[in-house]
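Bear in mind these aren't lab numbers, they're just calculated from the coordinates by the rules spelled out. It should be emphasised that the depicted structure is a prediction, and the values quoted were computed from it without experimental measurement. Glycine also receives a Cβ, built like all others from the backbone with ideal geometry; neighbour counts cover every protein chain displayed.
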Amino acid sequence: MKSSRLPEVIDQDAHIFSVSVAAGLAGMHPQTLRGYDRMGLVVPQRTKGRGRRYSSRDISRLRLIQHLSQEEGINLNGIRRIIELENEMEAMRERAAQMTELMRQMTQVQEEVQRVFTAGAQGTVDYSRFRRPAAPPAIEM
């Protein structure tokens, strides 16, 4: 039986897991999560009562930290730097996608602008084929 109140897919950024549940899902002790929070490695959202709430994305990051620490032998400062670089890279990917879309829009506008005219034998200019350029798309940065 399917409940109509449950979402089909859980939003990865929905902060729904308590410390104990998140620790269980990540295979860690709750105190480890609290330590990572203090260090800024994984900072959960806080409830009004200051309780921690973790998202699926946070749990994935906890698993990554555990893998890097236990399997790869990277210390927590190294892990912090890896996470910072991954965040930077993701921001650059998003910026590149925005720039690609902007270039696509500008190319489309450029293709729509046709400033074609002809010159007569006596040097007269015929603007009958001239089209005014369309307004460029709004640029959002």
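Summary of values
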read-out	value
Solution diffusion estimate, µm²/s, Stokes-Einstein, the range 19-126, Kirkwood Rh from C-alpha pairs, 20 °C, viscosity 1.002 mPa s	119
Point-charge dipole on Cβ atoms (K/R +1, D/E -1) for the range 1-96, about Cα centre, debye to 20	560
Where labels lie 7 Å past Cα in the beta-carbon direction, separation of Val43 and His67 in nm	2.5
Summed side-chain charge close to Pro30 - residues other than Pro30 whose Cβ falls under 14 Å, Lys, Arg +1, Asp, Glu -1	+2
Summed side-chain charge close to Ala96 - residues other than Ala96 whose Cβ falls under 15 Å, Lys, Arg +1, Asp, Glu -1	-1
Per-pair calculated FRET efficiency, R0 = 30 Å: Val21 and Glu84 via Cβ, rounded to 0.05	0.65
Fraction of the pair-distance distribution of the range 38-96 above 20 Å, Cα-Cα pairs, percent	35
Segments 56-63, 82-89 sorted - mean Cβ within 10 Å per residue, highest first	56-63, 82-89
